[in-house]
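Participant: Before we start, here is the structure in question, set down as structure tokens.
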Amino acid sequence: MGLTRPEAKVAVSETKLRVLEMATWSPDTPCSCDCFVSVSPASAIPSVIFAKNSDRPRDEVQEVVFVPAGAHSPGSRLQCTYIEVEQVSKTHAVILSRPSWLWGAEMGANEHGVCIGNEAVWTKEPVREGEALLGMDLLRLALERSSTAQEAVHVISGLLERYGQGGSCREDPTPFCYHNTFLLADRTEAWVLETAGKLWAAQRIQGARNISNQLSIGTDISAEHPELRSHALAQGWWDGQGTFDFAQVFSLTQQPVRMEAAKARFRAGCELLQQQQGSITAEVMMDILRNKESGICMDSGGFRTTASMVSILPLDPKKPCVHFLTATPDPSRSVFKPFIFGVGAAQVPQVLSPTFGAQDPVRILPRFQTQVDRRHTLYCGHQAALGLMESGQERGQQLRQKQRDLEQEGLEAVRGLLASKQTSVLQELGSLFQAFVERESQAYA
């Protein structure tokens with residue numbers, strides 16, 4: 001089934017032109033996300049548990065997009081956010097949580113149970129000028145082209161080598177650019193992939209792991225770019241003696257304020273995972289994503305958690321993978337709704353943003369000189385409800401309780417499904433997300 005979107009009204013407001021300069025980072029630059037994974041024996045059940053908070057500019061809308069599997073003609077090209085790449089012959093079905101102005105995604109999963117989340121990172125390797133593939137484009141391409149987490153590592157590293165990474169990562173006339181780290185998981189294992197330009201290092205994960213806007217792979221490197229060490233040696237970042245520590249060699253000597261803050265979030269995330277070793281569930285991951293004290297649930301100035309995702313990837317291939325997505329900001333006041341790939345899986349219109357075609361500010365050069373209203377139906381309803389919940393009014397408290405009840409109903413349904421030895425009807429599973437989105441929308445109405 002192809003994507004259908006609500007009719008877009010081009011309500012455009014002029015923005016003031018600013019000096020266009022290639023930004024890497026500044027003390028006030030927003031740059032925060034947190035990804036988590038639990039691999040047996042850290043999980044309470046025989047499953048890999050994946051989670052991510054996507055922290056983005058405060059007013060940016062994130063939509064949830066379902067893209068079915070596809071077959072493509074030889075030699076066909078694919079338009080990503082800024083550049084075209086060669087298309088492959090077959091692509092997998094994917095569910096994506098993405099900023100609605102771009103092609104890629106902040107996080108997502110495919111029909112084979114591969115999940116990926118990405119993070120911004122700055123290293124000694126300069127951020128390239130010009131447009132290439134965004135980290136979010138690389139994430140979606142890997143989901144569409146990989147059937148395992150390890151294969152996704154190879155897909156991303158190959159695309160980096162051929163096309164590179166670059167381009168502005170926010171909807172603003174002043175470019176905001178960075179390199180990327182990725183957390184990748186499937187039913188049996190998980191990987192961290194960290195990049196610096198076209199260079200990269202990867203680590204296969206044992207137990208529980210998190211990443212937070214900084215290089216975290218030290219000496220335990222499972223795979224790497226063939227020129228990683230020779231490049232570091234040529235640049236004078238490494239003397240070629242002793243053990244090679246990727247994070248130590250490639251991290252900036254003087255970290256910006258935001259990256260120092262990311263260290264505190266990283267440590268807090270490690271501690272929260274450590275406290276639950278052996279008993280990590282989807283609910284535990286949801287609680288971690290809702291943790292405001294640590295900054296993992298972000299709400300700082302012009303920046304906040306704009307969407308969240310938690311996935312259960314059972315080791316048993318007969319059991320379905322379940323992906324909980326909010327499609328709304330602030331997980332502490334949002335509903336994690338279950339999505340399962342199945343015959344009935346289709347695009348849910350309430351979580352799909354309007355489109356603007358050739359008039360979209362991302363398509364007109366110079367880019368992002370105007371703004372458009374990208375809010376989808378559920379986002380609008382949630383924002384009104386969020387205002388009531390934050391006011392402390394009785395109506396707001398009632399809405400928050402409805403959110404809790406709806407989420408609990410979804411969790412209980414999934415627990416029953418995964419505990420059952422019977423094969424459920426795929427048609428019913430595929431429409432699960434649609435049903436929960438509709439019920440949440442009705443609660444706000």
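Participant: Given the options Leu365, Leu417, Leu325, Leu388, name the one that is closer than 30 Å to Thr188 by Cα, open to solvent by 10 Å² or more (accessible area, probe 1.4 Å) and of a type in the set (A, V, I, L, M).
Facilitator: Details: Leu365 fails: closer than 30 Å to Thr188 by Cα; Leu325 fails: open to solvent by 10 Å² or more (accessible area, probe 1.4 Å); Leu388 fails: closer than 30 Å to Thr188 by Cα.
Exactly one residue qualifies, and that residue is Leu417.
Participant: Give region 95-134 a look and list any residue that's closer than 30 Å to Lys318 by Cα and not hydrophobic (A, V, I, L, M, F, W, C), or say none.
Facilitator: Ser97, Arg98, Gly104, Glu106, Gly108, Asn110, Glu111, His112, Gly113, Gly117, Asn118
Participant: Sticking with this structure for a sec: Can you tell me which of Ala232, Ala262 is touching a Cys at 6+ places or on another chain (Cβ under 8 Å), open to solvent by less than 70 Å² (accessible area, probe 1.4 Å) and either of a type in the set (Gly, Ala, Ser) or assigned to a strand (DSSP E or B) (or both)? Full working, then the answer.
Facilitator: Values: Ala232 fails: touching a Cys at 6+ places or on another chain (Cβ under 8 Å).
Result: Ala262 is the single residue among Ala232, Ala262 that is touching a Cys at 6+ places or on another chain (Cβ under 8 Å), open to solvent by less than 70 Å² (accessible area, probe 1.4 Å) and either of a type in the set (Gly, Ala, Ser) or assigned to a strand (DSSP E or B) (or both).
Participant: Conditions: (1) under 25 Å from Phe324 (Cβ atoms); (2) acidic (Asp, Glu); (3) open to solvent by less than 60 Å² (accessible area, probe 1.4 Å). Glu271 meets all but one. Number of the miss?
Facilitator: Of everything listed in (1) under 25 Å from Phe324 (Cβ atoms); (2) acidic (Asp, Glu); (3) open to solvent by less than 60 Å² (accessible area, probe 1.4 Å), Glu271 misses just condition (3).
Participant: Using the structure shown, decide if Glu151 is out of contact with any strand residue (DSSP E or B) (no Cβ under 7 Å at 6 or more places or on another chain), open to solvent by 10 Å² or more (accessible area, probe 1.4 Å), closer than 19 Å to Val39 by Cα and of a type outside the set (Val, Ile, Thr).
Facilitator: Judged against the criteria, Glu151 is a match.
Listed here are the residues, each with its yes/no results for (1) over 21 Å from Ala346 (Cα atoms); (2) open to solvent by 20 Å² or more (accessible area, probe 1.4 Å).
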site: Pro99; (1), (2): no, no
site: Cys115; (1), (2): no, no
site: Val127; (1), (2): yes, yes
site: Glu131; (1), (2): yes, yes
site: Met136; (1), (2): yes, no
site: Leu143; (1), (2): no, no
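Participant: If you don't mind, another one. Could you list all residues from region 227-284 that are small (Gly, Ala, Ser) and modelled with pLDDT of 95 or more?
Facilitator: Ser230, Ala232, Ala234, Gly236, Gly240, Ala247, Ser251, Ala268, Gly269, Gly278, Ser279, Ala282
Participant: Going by the structure shown, is Gly381 modelled with pLDDT under 95, of a type outside the set (Ser, Thr, Tyr), in contact with a helix residue (DSSP H, G or I) (Cβ under 6 Å, 6 or more places away or on another chain) and open to solvent by less than 40 Å² (accessible area, probe 1.4 Å)?
Facilitator: No; evaluated as a whole, the condition is false for this residue.
Participant: Would you call Ser89 touching a His at 6+ places or on another chain (Cβ under 9 Å), open to solvent by 10 Å² or more (accessible area, probe 1.4 Å) and under 30 Å from Phe303 (Cβ atoms)?
Facilitator: Numbers: touching a His at 6+ places or on another chain (Cβ under 9 Å): yes; open to solvent by 10 Å² or more (accessible area, probe 1.4 Å): yes; under 30 Å from Phe303 (Cβ atoms): no.
The answer is no for Ser89.
Participant: Among (1) outside any loop (DSSP other than H, G, I, E, B); (2) crowded, with 19+ Cβ neighbours inside 10 Å; (3) of a type outside the set (Phe, Trp, Tyr), where does Glu283 come up short?
Facilitator: All conditions pass for Glu283, except number (2).
Participant: How about region 59-101: which of its residues are of a type in the set (S, T, N, Q) and touching a Ser or Thr at 6+ places or on another chain (Cβ under 7 Å)?
Facilitator: Gln62, Gln87, Ser97, Ser100
Participant: Given the structure, is Ile364 without any contact (Cβ under 8 Å) to a residue 12 or more places away in the chain and touching a helix residue (DSSP H, G or I) at 6+ places or on another chain (Cβ under 9 Å)? Let's see the steps before the verdict.
Facilitator: Working: without any contact (Cβ under 8 Å) to a residue 12 or more places away in the chain: yes; touching a helix residue (DSSP H, G or I) at 6+ places or on another chain (Cβ under 9 Å): yes.
Yes; evaluated as a whole, the condition is true for this residue.
Participant: So which residues in region 195-235 are in contact with a Gly (Cβ under 8 Å, 6 or more places away or on another chain), free of Cβ contacts under 8 Å to residues at least 60 places away in the same chain and of a type outside the set (Lys, Arg)?
Facilitator: Leu233
The values are calculated or read from the model by the stated rules, or taken from the named source; none is laboratory data. This structure is a prediction, so every number in the text was calculated from the model and none was measured. Cβ sites come from the backbone with ideal geometry, for glycine too, and all protein chains shown count toward neighbours. These accessible areas exclude ligands, DNA and RNA; they are computed on the full protein's heavy atoms, side chains included. Shrake-Rupley method; radii C 1.70, N 1.55, O 1.52, S 1.80 Å.
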